[in-house]
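Inspection log for the structure reproduced underneath, given as structure tokens.
The values are calculated or read from the model by the stated rules, or taken from the named source; none is laboratory data. It should be emphasised that the depicted structure is a prediction, and the values quoted were computed from it without experimental measurement. Virtual Cβ from ideal backbone geometry, glycine too; neighbours counted across all protein chains shown.
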Amino acid sequence: MKMETTESLWRSGTPPVMADIPESLSRVFDTIIVGAGITGITTALLLQKAGQQCLVIDAETVGSGTTGGTSAHLNTFFDATYPEIESDFGKDTAKQVADSGKEALSLIKEFIDQYHIDCDFEYKGAYLFSETEKETKQLIEILEASRNAGIEVVEYQDNGVPVPFQIAIHFIDQGQFHPLKYVAALADEFVNLGGALLENTFVNNSSYENDVHTVEAGQSSFKGINLVYATHVPPGITPFSFRCAPYRSYVLAVKLKNDAYPTGLAYDMQEPYHYFRTHEIRGQKYLIIGGEDHKTGHEDPVQAFKNLEAYAHKYYRVESVDYKWSSQYYIPVDGLPYIGELPGAADKTYMATGFNGNGMMFGTLSGKIISDLILGVENQNAELYSPSRMKPIAGFSEFVKENADVAWHFVADRFSAEELESFADLQPEQGVLAEINGTKAAVYKDAGGTVTALNPTCTHAGCTVVFNDAEKSWDCPCHGGRFDTSGKVITGPPRADLLKISL
Ligand code: FES
């Protein structure tokens, strides 16, 4: 029983990847990859297999970011629906997106077969169901556009879960797996091929001179011909902080009193939607149920978990909620991810972000596209997902809304500090924004009563952070930067920690 923690089901009991660092790190690597999630490790393995010498650097450990917090659905239909893609980009593009999803799923399966990876992979049917007239109309459009795009999907009499529905459709040959077992196995293969993996090392800076990138990481610096940011949005201030909105999604792993565990994958169409599946870990089945997504720093994470638990109890006989966790993903302005060369940056700098809730698929696809770009191999999807694409019109209204929101936080949060009589008023493990002698501070009292005060101005672009009570972190509502209670960066794009204020 793991209640009151926010550890994901995947992290429990998964042995960390032990990495070897080659004797000489003074060499010039072919490619340096920042981020050891599914995107970074897939890219690294493909390049290393092709004969390159790569270095992967992660601020924590392999899969410790969003890859370790995903619910690990492997779908060829995406959060940007086929009717939306068809209407914004045309039928041919919708088909190409569908084909690229199939390619990503095939690549995952190829790796699993080639390296005999024991990661609980299973093909599953996926149900999408409507509960209102409006959703039913949308679902019929999704059915038609998905078929037009070449996806195998049929109307179905069941939705796979005990939630009343109007109509359901069934996508054939979708999948699920244990994301950390998978990515850890890929990392092992990368290291076996001579790849270098440096964990628990934060990349502070990078520069480019004489066709070589120099990456400052921890106390060391490393050189590489190519540089890949597999960190969602690239660090620092780039257009992609404004073209992608950060969201948090919440997940529970639940034991049931009966055996009503879903046999497939299921999704409702509410906004935000709920998703369901089953995973067995060490002989114990868990219902994995997720949803309650919201923009990072914009709603109460504690309430999001409560809502999700109430939802689980409404439809299932819950024995216990054993794990609960949340993770961050990024919604791109026009619905499609940005994968490829980072525009406006030094030559041979690559990025991958805007995966929406489909990170396992687009992370894998990113590995293929970026490795092909670096190796000079033609990739039919490179143009479609290029970060330089000029297609802002498709999601323009959403783009304006997201940016208006950011602008509001730039100004409004600066005046919302709460006056505290004294730190005695703070509860253990509580964080608040407060005025201390006229200076605004992010104040946290730990379980032992020690109070830490930080400058609450996010070191990325100056928004004010807010406290995340569920995960005890300071989250930035503008571009999703996150800091621990000591001020250390845990999620970019900020590179510098929050500064301490002496009390
Ligand atoms: Fe951009 Fe904080 S993450 S201002």
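Here are a few things to note about the model shown:
- Scoring Gln219 on the criteria (1) surrounded by fewer than 16 Cβ atoms within 10 Å (Cβ to Cβ); (2) of a type in the set (S, T, N, Q); (3) in contact with a strand residue (DSSP E or B) (Cβ under 7 Å, 6 or more places away or on another chain) leaves a single failure, condition (3).
Quick grid of which residues meet (1) without any contact (Cβ under 8 Å) to a residue 24 or more places away in the chain; (2) part of a strand (DSSP E or B); (3) surrounded by fewer than 24 Cβ atoms within 10 Å (Cβ to Cβ):
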| residue | (1), (2), (3) |
| --- | --- |
| Thr238 | no, no, yes |
| His279 | no, yes, yes |
| His298 | no, no, yes |
| Val302 | no, no, yes |
| Asn307 | yes, no, yes |
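- Each residue in segment 240-282 was checked for being within 16 Å of the ligand (Cβ to nearest atom) and out of contact with any helix residue (DSSP H, G or I) (no Cβ under 8 Å at 6 or more places or on another chain), and 5 of them qualify.
- Test: residue in segment 46-59 that is under 25 Å from Asn204 (Cα atoms), in a helix (DSSP H, G or I) and touching a helix residue (DSSP H, G or I) at 6+ places or on another chain (Cβ under 8 Å): yes
- For segment 431-454, the set of residues classified as among the charged types (D, E, K, R), under 13 Å from Leu499 (Cα atoms) and away from the ligand (no atom under 16 Å from the Cβ) is empty.
- Qualifying residue in segment 214-230 (condition: more than 16 Å from the ligand (Cβ to nearest atom), modelled with pLDDT of 95 or more and over 16 Å from Phe29 (Cα atoms)): yes
- Which listed residue, of Thr457, Thr485, Thr491, Thr464, is more than 9 Å from the ligand (Cβ to nearest atom) and not charged (D, E, K, R): Thr485
- Residue in segment 30-41 that is under 22 Å from Thr491 (Cβ atoms), hydroxyl-bearing (Ser, Thr, Tyr), part of a helix (DSSP H, G or I) and modelled with pLDDT of 95 or more present: yes
- Condition met for Pro428 (modelled with pLDDT of 70 or more and either part of a loop (DSSP other than H, G, I, E, B) or within 16 Å of the ligand (Cβ to nearest atom) (or both)): yes
- Selection status of Val97, in contact (Cβ under 8 Å) with a residue 12 or more places away in the chain, within 24 Å of the chain's Cα centre (by Cα) and within 30 Å of Asn205 (Cβ to Cβ): no
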